[in-house]
Every structure is written in structure tokens, then in C-alpha cells.
Amino acid sequence: MSMHVAASSPDRQGPAEPADPALSKVATFKSFVRWSALVFLLRVGGTALTYVTYILLARWMGAAELGNYVFAFSACMVMSSLTTLGYPASAVRFVRQAAARDQRGEVAGFLKRGNQLSFVASIIAMLGGLGFLWWRQGTGGMDGALALAFVGVPLFAILQLHSSYAQSISNFTAAFLPSNFLRQLFLLLIVVAWQLLWGGLSASLVMLFTVAMLPLLLLGQHVYIDRGLKPLRTGASPTYRTWFWTRTSLELQLLVLFTTYFQEMSLTIAGFFLPSEDMAVYSACFRTANLISFGLYAINAILSPQASHLIANKNSAGLQSLVARATQLRFWPSLAAVAVLVVAGPQILHIFGPDFARGQVTLIILGVSQLVIAAAGPVTQILTLSGHQTQSLLAFAISLVATLALNALLLPLFGMLGGAVASLLVTLIWNLWLHRIVVRQVGIIPSVLSLRHCFTGAGKSAMPGSAP
């Protein structure tokens, strides 16, 4: 049964869709594909650089040190995501919809409050982590890598937050170039130069390189983004809805962990159960399987501003058509990619080193997990933008408990294969659950079964429960 979409209502009833210069860049299906391709290429290029970096690290400093670095970096990414308090996930919704209604004070207030809260939370997390390591007086090089990871938490939190601000105004270059390409490029160049000149790479040293480059990237990103955001907030004093924004953003935090940082969360958990050598192989399997997610991520990045605009104007038919097209672009390439992993998985993993090929079955299972996400459609984006994220909380809460429980049960028994099975089961749980919520609450079919809606619904149509 379809119910009312809980997106924020425009100030006036039944408005014509407002002109939005940022949205006009991606308004047509042709432009949608073009901008998706740009983000896709940035993601592919960045992942290719990361892939090469990991291969070189595995061969130059060994699987054990690579495993230590993987654990430290994954922990850093999970903590930095948590300290943003979910504001990156809600930025597209609140900034886009406030800008569409020319509420400049609310745009300025959201941006300022997000920066303030994330900064405070990330500093607390950094000091808490360093304090714990000092109290523990750790042994071995992993503590050095972890200490640097804690130092990097505020910097990565700012990078995530500002990337979401850029995405909210359809500035996809600023949103993805620093975090998804330049960071990987700089790390590769630094690693290669160090090895050629001095050698002796370690987990702590590579983590130092990872953190040290961030201030420069953040400075360039800030200058570029500020030019796009300034017209949206100029001439208005900030207005704040701090409790509403924070509550909504925190509700999205579990969603972010599962849709953006599931790999890092899984690797962080695995770090408590697997030896360093297995961590390196498990990470290689995850990174290879997540090649499939590049298309999903790129398409979602372009989808979100358009879907937010359609939801704000209660255009149900347009939303169904947009989502159907996005899902088809997600699913079929993902299916082909899984077939490639089945056929050529051992050869791909062997590039990291002879011992890595033993992760073939793990790789295939993780690839199927990505196919499940592609087939379900952009369910998380639709629930977030339509204001139904609260109804997904139970699904993600149970999925989080299942992640911890299944990994704790299966990793000690079956190693990284058990971790992959846990990931697949959890992925099935939250995708099927959220798909059901979208169908019932938003009134559209987001899955691959929506093929017939791809080229229909161009006209105006009210969302379920809206006034005619």
C-alpha cells in the first residue's frame, strides 16, 4: 500500500518545478549517462591506482605488513565516517531542497553546523583513540599505524563532508576528484619514490603518507567548492534546525556504514580474528569484488540530486522512470562483471602474489553480494531523499547485529571464506528489506524488474498521497 512521501514540502502548494542551474547539467538522460561516466572514470582511475599501490605494497613489504596497513586504514575510515554524524548522507537532501526553494539562510546554516559538529566529534575520536593506545602501551608496528590512523580521522571526516557538499550542488569534479582519484595518485607516487630511493616500507610509513597528503587536497577542494556554494548562501544569515538535521543525519549513519563503508567495517571486524597475511588476501578479494560497485556509486551520485528534485515536486512518474533507468544501468554491467570474476578470479588475485589466488571462492561470494545490491536498485537513496530513512533503521540495526554476530561466528571457523558468507547474508537482509519499504511507502519499483518503466512517466504525476 502506497503512503505519503515524507519529503520536505515546498513553501507554496503545487509549484512549478523551479529552475535549478546545477540540476540542468544532468537533466536529460543523455547528460545523466555522461555525468555518470565522468564519476565512473574517476572511480575506476582511482581504484586502478589503489590496485597498483596494493600490488606493489604486497610485493615490497609483504602480506603481513600490508595486512596491518589494511586494518589501520579501514579503522580510520570507519571512525571518520562515524564522526561526520551522518551529515554527508543528508547534505544532498537538505542543501538541494533548500536551494530549490531559495532558502539561503538554511543552506548556510546546514553547511556551518555540519562542519562544527563533525570537527568536534572527530577531534574527540582522535584524542580518545590516541589516549587508548597510550594507555595500552602497545607492542609492534601496528600500534604506530593505528596512531597515525587516529590522527587522520578529522582530516578524512572533513574530506567526506565537503565531498557531499559538492555533490549536493552537482559539482561532481570537486566531489570525487580529490577523494577518489588524486589521493590515490599521490599515494602511489610517494610509495614508488620512497621505495626507489630508500626502501624499507612499513605499515606505519604508508599510513603516514596517507595522512600527510590530506591537508593539501582539502585546501584545493575547499577553494573549488566555495565558489559553487557562495551563490546559494550569499546575502542571508544562517538559520539553524540543528536538532532536526542531526537527528535525521544520525538516522542515516547506519545506512552510510552499509552502503559506503561496508568493506572497511568488515575488514575492521576481520582484523580482530584473522592473521595479517589473511587480512591482506581478504582485502584483495574485497577490493576486486568492489570494482563492481564503481558503476553503482557513479550512477547513484548523479541520481541523488535529480531524485531529490522530483520528490520535492511530487513527480512520482518521473521518479519511477529515473530510478528504472538507473537500475538497468547498474544491474547488467554488474552481472557481466561477476561472470568475469568467476572465469578470471584466480588470475586477477595472482597479480598481488602467488598466495593471494587462494581467495578465489571468497572473491566470487563477495562479487555476488555486489550483484544483489545492483539488482535491488537504489533503495537507500530513495528512502533517504523521500524522508523514509527512519523506517529503514530497524533493517540496518538488525543488519549491524547480524554483521557482528555472523563474522564473530564464521571468521574463527572458516577464515575469510566465512567473512564473505557473512557479508552476502547481511547484504541480502538489508536489500530485500529496504526494497519492500520503497515499494510500500514510496510507491515505485526500484529493482531490476522495473525495466518496463524506463521510457515512460515523462509527464507530471503526483506522489502517493499528495494533493492533486
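Can you give me the ranges of the helices (runs of 4 or more DSSP H) entirely in segment 312-419 with at least 2 residues that are in contact (Cβ under 8 Å) with a residue 24 or more places away in the chain and open to solvent by 60 Å² or more (accessible area, probe 1.4 Å)?
Working: elements: 316-350, 360-376, 379-385, 393-414.
Hits in segment 312-419: 316-350, 393-414.
Within segment 304-332, can you find the residues that are among the aromatic types (Phe, Trp, Tyr) and touching a helix residue (DSSP H, G or I) at 6+ places or on another chain (Cβ under 6 Å)?
If the condition is that a residue be among the aromatic types (Phe, Trp, Tyr) and touching a helix residue (DSSP H, G or I) at 6+ places or on another chain (Cβ under 6 Å), then PHE331 is the only one that fits.
Has segment 56-76 got at least one residue that is of a type in the set (Ser, Thr, Tyr) and touching an Asp or Glu at 6+ places or on another chain (Cβ under 8 Å)?
Within segment 56-76, one or more residues are of a type in the set (Ser, Thr, Tyr) and touching an Asp or Glu at 6+ places or on another chain (Cβ under 8 Å).
PHE181 - would you say it is in a helix (DSSP H, G or I) and without any contact (Cβ under 8 Å) to a residue 40 or more places away in the chain?
When the stated conditions are applied, PHE181 does not pass them.
Kindly indicate whether any position in segment 38-49 is within 18 Å of the chain's Cα centre (by Cα), modelled with pLDDT of 80 or more and over 30 Å from TRP194 (Cα atoms).
Looking through segment 38-49, none of the residues is within 18 Å of the chain's Cα centre (by Cα), modelled with pLDDT of 80 or more and over 30 Å from TRP194 (Cα atoms).
Can you confirm whether TYR69 is assigned to a helix (DSSP H, G or I) and either within 18 Å of the chain's Cα centre (by Cα) or within 21 Å of SER293 (Cα to Cα) (or both)?
No: the conditions fail for TYR69.
Quick check: anything in segment 296-307 open to solvent by 10 Å² or more (accessible area, probe 1.4 Å), in contact (Cβ under 8 Å) with a residue 12 or more places away in the chain and touching a Phe, Trp or Tyr at 6+ places or on another chain (Cβ under 7 Å)?
There is no residue in segment 296-307 that is open to solvent by 10 Å² or more (accessible area, probe 1.4 Å), in contact (Cβ under 8 Å) with a residue 12 or more places away in the chain and touching a Phe, Trp or Tyr at 6+ places or on another chain (Cβ under 7 Å).
Quick one: count up the residues across segment 188-224 that are in a helix (DSSP H, G or I) and open to solvent by less than 40 Å² (accessible area, probe 1.4 Å). Explain how you work it out, then say what you get.
Initial filter on segment 188-224 (in a helix (DSSP H, G or I)): 188-197, 203-212, 214-224.
Subset that is open to solvent by less than 40 Å² (accessible area, probe 1.4 Å): 188, 191, 203-207, 209-211, 214, 217-218, 221.
Matching residues across segment 188-224 total 14.
The values are calculated or read from the model by the stated rules, or taken from the named source; none is laboratory data. Since this is a predicted model, take the numbers as computed values, not measurements. With ideal geometry, Cβ positions are generated from the backbone for all residues, glycine too; neighbour counts draw on all protein chains shown. All accessible areas refer to the heavy atoms of the entire protein, side chains included, with ligands and DNA or RNA removed. Shrake-Rupley method; radii C 1.70, N 1.55, O 1.52, S 1.80 Å.
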